[in-house]
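The values are calculated or read from the model by the stated rules, or taken from the named source; none is laboratory data. Source: prediction; values computed, not measured. Here the Cβ is made from the backbone with ideal geometry for all residues, glycine too, and neighbour counts use every protein chain on show. Quick note on the areas: whole protein, heavy atoms, side chains included, nothing else; ligands and nucleic acids left out. Shrake-Rupley method; radii C 1.70, N 1.55, O 1.52, S 1.80 Å.
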Amino acid sequence: MRHLIDILDLTCEEIDELLDTADSIIENPAAYATRCAGKKLATLFFEPSTRTRLSFEAAMYELGGHVIGFSDAANSSSSKGESVSDTVRVVGSYADIIAMRHFKEGAPMVAAMKSTVPIINAGDGGHNHPTQTLTDLLTIRREKGRLDNLTVGFCGDLKFGRTVHSLISALSRYEGIRFVLVSPKELQVPDYIKDLLTEKELSFIETTDLESTLPEMDILYMTRVQKERFFNEEDYLRLRDSYILTPEKMRLAKQTLSVLHPLPRVNEISVEVDDDPRACYFRQAKNGKFVRMALICKLLEV
Ligand code: CP
């Protein structure tokens, strides 16, 4: 039985296969319409979500399966003190596969140790978000035709942004990736990510300046400042509008730039950018459903 807790649980070959399956689903969804007939997905969301939960649920329905679960932990027995381990042991007797989001880093890994069915990490605190990374990789490959030899800018909250940590880990395995890490000093990537890049002798720079680095980028991965991970509101208010991507700034970028954002967006991309063909974030959100369909098929071996 396989779980997906960290994107590095998958080899690059397995990621390629998942992206190929997602492309195939996009081309011919009817061929997958009964792949999960008789199977159930449980979505256990201890933290809010729109895209991840609903795309998982849509994915399972489009594979011919069923969905159970909760979107608000207050309505589950965790509010009475039940442990994550006990919850998954029980839910594993009702469902064939579980997608779990939790505010505590490591909770899906703890769940996987006790689970009798595959666990998918749908985001754990400020740590990891591997299915967002599969979504991001599918989007980059569909937009650029490759996953190597790219200058990839990450901008915003690189400290708490779990999607950033997962995507940097994933891209660190491809040839010729150059990382440009743009953030306020207080929101730089954690040391363990910098150590990974240093150990692998990968090219990266850290800067506070988006304008001067934007012209070099092939991909710009914008992120929201993660209000829910701050210890005091004053710091959040001071940092939240550090970077706002506008049509004026887009004029500095390559015509071939692809702008990604895991969403939700707050203020960091002006809505006027949405009509720019280089804005990929709504296509990216749509891709999430297809790659999650591919992942469910892989983990259920159907
Ligand atoms: N990108 C993402 O994880 O969005 P949600 O929080 O809406 O699931």
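Is there a residue being open to solvent by 40 Å² or more (accessible area, probe 1.4 Å) and within 19 Å of H102 (Cβ to Cβ) anywhere in region 9-31? Looking through region 9-31, at least one residue is open to solvent by 40 Å² or more (accessible area, probe 1.4 Å) and within 19 Å of H102 (Cβ to Cβ).
Of everything listed in (1) charged (D, E, K, R); (2) touching a strand residue (DSSP E or B) at 6+ places or on another chain (Cβ under 6 Å); (3) open to solvent by less than 60 Å² (accessible area, probe 1.4 Å), the single unmet condition for K40 is (3).
The set of residues in region 260-289 being in contact (Cβ under 8 Å) with a residue 24 or more places away in the chain, open to solvent by less than 30 Å² (accessible area, probe 1.4 Å) and away from the ligand (no atom under 15 Å from the Cβ) consists of S270, V273, R278.
Can you confirm whether L134 is touching an Asp or Glu at 6+ places or on another chain (Cβ under 9 Å), closer than 21 Å to V180 by Cα and open to solvent by less than 10 Å² (accessible area, probe 1.4 Å)? No, not satisfied. Of all the numbered requirements in (1) modelled with pLDDT of 95 or more; (2) over 20 Å from the mean Cα position of the chain (by Cα); (3) within 16 Å of the ligand (Cβ to nearest atom), I68 misses one, and that requirement is (3).
Filtering E62, E57 for residues that are surrounded by 17 or more Cβ atoms within 10 Å (Cβ to Cβ) and under 17 Å from the mean Cα position of the chain (by Cα) leaves a single hit, E57.
Search region 145-168 for residues being closer than 24 Å to K227 by Cβ and hydroxyl-bearing (S, T, Y), and hand back the single one that is surrounded by the fewest Cβ atoms within 10 Å (Cβ to Cβ). Here the answer is T163.
The set of residues from region 256-278 being assigned to a loop (DSSP other than H, G, I, E, B) and hydrophobic (A, V, I, L, M, F, W, C) comprises L257, L263, V266.
If you check E82 against the conditions, is it among the acidic types (D, E) and away from the ligand (no atom under 16 Å from the Cβ)?
In short, yes.
Scanning region 193-228 for residues that are at pLDDT 95 or above and more than 24 Å from A253 (Cβ to Cβ) yields a count of 8. Among the residues of region 142-163, those that are assigned to a helix (DSSP H, G or I) and over 16 Å from M217 (Cα atoms) comprise R142, R162, T163. Residue count for region 146-204, restricted to those that are touching a residue at least 40 places away in the same chain (Cβ under 8 Å) and β-branched (V, I, T): 5. Residues in region 221-255 that are of a type in the set (S, T, Y) and not in a loop (DSSP other than H, G, I, E, B): 2 in all. Across region 81-131, the qualifying residues are those that are in contact (Cβ under 8 Å) with a residue 60 or more places away in the chain and assigned to a helix (DSSP H, G or I), and the one among them that is most open to solvent (accessible area, probe 1.4 Å) is M109.
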